[in-house]
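Participant: Following this message is one structure expressed as structure tokens.
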Amino acid sequence: MRRLFIVSIALGALALAGCESGDSLPTRIRERFEPVQPKIRVFDADQRTVFDAAQVAMRRIDFQVSRARAVEGVVSGHSGLRSGESFGTAQQFSLEVHLQSVEPGKTEVSVVLREQEESSSFAGATDIPVREHGLYDAFFGQLEQVLREKNPTAAEPAK
């Protein structure tokens, strides 16, 4: 009982010390447990045009389209398997793209990138949403390019 009391006092002291050291620790903890928010951009094109362009853009960044449903406004794809940094590991990325018409001629595109990693030392694979990665910019850049190719008068994505 006495040991439990000492441990709880020590944990309380650590919690108070963390509050005085700055706001970065609570922010990092909060970010770790908050769900990853999708990256969102709005494009000047109807949903069907953006849907078709999203599939082309995905292929251009070397992703294979695994699911495409125009009615639902969903395009999913995955990268090829890559060897991990250590022996016996493999890594793969997947993209989940959701499309929604926000007004006539404008489509909102939201994207979440996930990383899967499997190793021989761990039973099963991880599936972790990624907050920041160059693949977001690569996908949106290719999507913008494909839309420009389909409609040369189309400019940048709508703000």
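Participant: Could you work out how far apart the two model spin labels at GLU103 and GLN37 are, taking each label as a point 7 Å from the Cα in the direction of the beta carbon, and quote it in nm?
Facilitator: According to this spin-label approximation, the distance is 2.2 nm.
Participant: Using θ = phi - 60° and the Karplus relation 6.51 cos²θ - 1.76 cosθ + 1.60, list the HN-Hα couplings for region 43-52 in order, rounded to whole Hz, with x at every Gly or Pro.
Facilitator: 10, 7, 6, 6, 4, 5, 5, 5, 4, 5
Participant: What's the extension gain from ALA70 to ARG48 if we count 0.36 nm per residue and subtract their Cα-Cα distance?
Facilitator: Length gained between ALA70 and ARG48: 7.2 nm.
Participant: So, one more: What are the residues whose amide H is under 5 Å from the amide H of VAL42, where those residues sit 5 or more places off or on another chain and H is modelled from the backbone?
Facilitator: Sorted by chain and number, the residues that satisfy this are VAL109, ALA158.
Participant: Compute the FRET efficiency between ARG148 and ARG114 as 1/(1 + (r/R0)^6), taking r as their Cβ-Cβ distance and R0 = 30 Å, and round to the nearest 0.05. Let's see the in-between values first.
Facilitator: Values: r = 28 Å, r/R0 = 0.93.
It comes out at approximately 0.60.
Participant: Counting alpha carbon pairs within less than 8 Å and at least 6 residues apart, what relative contact order, in whole percent, applies to region 36-150? Provide the component values of the computation, followed by the final result.
Facilitator: Numbers: 224 pairs, mean separation 33.5, N = 115.
Over region 36-150, the number comes to 29 percent.
No lab work stands behind these numbers, since they all come straight from the coordinates. Just so we're clear, the structure is a prediction, and the values are computed from it rather than from any experiment. Heads up, the Cβs are rebuilt from the backbone with ideal geometry, glycines too, and the neighbour counts pull from every protein chain shown.
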